[in-house]
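Remarks on the structure that follows.
The values are calculated or read from the model by the stated rules, or taken from the named source; none is laboratory data. Note that the coordinates shown come from a computational prediction; the quantities given were computed from them, not determined experimentally. Reconstructed Cβ throughout: ideal geometry from the backbone, glycine too, with neighbour counts over all protein chains shown. The protein model used for the area step is the full one, side chains on, heavy atoms only, and it has no ligands, DNA or RNA in it. Shrake-Rupley method; radii C 1.70, N 1.55, O 1.52, S 1.80 Å.
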Amino acid sequence: MKFIVVTLFPELVESALGHSILKQARAAGSLQWQTIDIRQHCEGRHKQADDAPFGGGGGMVMKAAPVISAVAEAKGAAPGAKVIYLSPQGRPFDQAKAAELARSESLILLCGHYEGLDERALQACVDEELSLGDFVLTGGELAACVVIDAVSRLKPGVLGNEASAGQDSFSNGLLEHPHYTRPAEGPEGQVPAVLLSGDHAAIERWRRQESLRNTFKKRPGLLSSAALDKNDRAFLNGLGWKEETS
Ligand code: 4GX
């Protein structure tokens, strides 16, 4: 899968993505990304990327022409790719959206700064606006990197054996159960005995119940859209869960 990030700060994107699993996946060829520097699409001696808003007031607005030209270059490098703009005005990004985007061959991520883009650039180039949440960043670059990270780890070949996308939080609509590793006991405390028992059915049951407990305690709202069976409901009822109020 290929990502093209259109940005005024290409080094920020390269440094955020150039580590650990994503770095290895790029080296192995299972992932590609490149940046397009909006500055190189700016005109004049000062290569001005932004300007004061018409109508007055504070802040700066990214000029339409350089953005449109930079996105056109990106489309040339990834024909048919969807253009996503990261902004607090977008639809909330979540695991379901990550899974949907992971089905694409390539994506173009457009990063805004200051007060955002001139509305004409938004109209001309953007297919979809996504938000990481109800807070304000200094720019769209870190948001674009979050989307790339969450989407990439769903692609075959990106996660190694030591990590799997199938079992983590949200793949089943629940939070995960707790995890333990060596030593089995020490000053840190003891590992729950069931995990050392070798009884795989008992371990699966424990994990399911701890996952339900965690979700009920930390994010009870998730339970209303999770797939729960009779045993799950009985266990949750024992914790004081009231189906209609969660
Ligand atoms: N989830 N930002 C976009 C520029 C901007 C300002 C106003 C449109 C309107 C963000 C987020 C985010 C900071 C990226 C402001 N664009 N991106 N930028 N929350 O806060 O994705």
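Annotations for the structure displayed:
- Accessible surface, per residue, of the chain when the full set of protein chains is kept, probe 1.4 Å, Å²: 58 Å²
- When +1 charges are put on Lys and Arg Cβ atoms and -1 charges on Asp and Glu Cβ atoms, the dipole computed for the chain relative to its Cα centre reaches about 400 debye.
- Those chymotrypsin sites (Phe, Trp or Tyr not before Pro) in the range 53-106 that DSSP places in a loop and that have at most 12 other beta carbons within 10 Å: PHE54
- Across the range 43-200, C-alpha contacts under 8 Å between residues 6 or more apart give a mean separation that, scaled by the residue count, equals a relative contact order of 22 percent.
- Amide hydrogen neighbours beyond the local backbone of TRP33, cut-off 5 Å, H modeled: PHE3
- Integer Hz, Karplus 6.51/-1.76/1.60 couplings in order for the range 89-103, x for Gly and Pro: 8, x, 6, x, 7, 9, 5, 5, 5, 4, 5, 5, 5, 5, 7
- Only one residue of PRO66, PRO220, LEU86 has its Cα farthest out toward the positive end of the dipole of the chain, where Lys and Arg carry +1 and Asp and Glu -1 on Cβ, and that residue is PRO220.
- Close Lys pairs in the chain (alpha-carbon distance under 14 Å; sequence gap of 8 or more, or different chains): 8.
- The apolar share of the surface of the chain, taken as the fraction of accessible area on carbon and sulfur atoms (1.4 Å probe, ligands and nucleic acids excluded), comes to 51 percent.
- Calculated mean residue ellipticity at 222 nm for the chain: -10500 deg cm²/dmol, from DSSP H runs with n ≥ 4 weighted as -39500 (n - 2.57), summed, divided by the residue count and rounded to 500.
- Where trypsin sites (Lys or Arg not before Pro) in DSSP loops with at most 16 other Cβ within 10 Å are excluded, longest remaining stretch of the chain: 104-241
- Cα-based shape type of the range 57-118, given that a ≥ b ≥ c are square roots of the gyration tensor eigenvalues and the cut on a/c is 1.5: oblate
- Two-decimal ratio, the range 90-246, of alpha-carbon radius of gyration to 2.2 N^0.38 Å: 1.35
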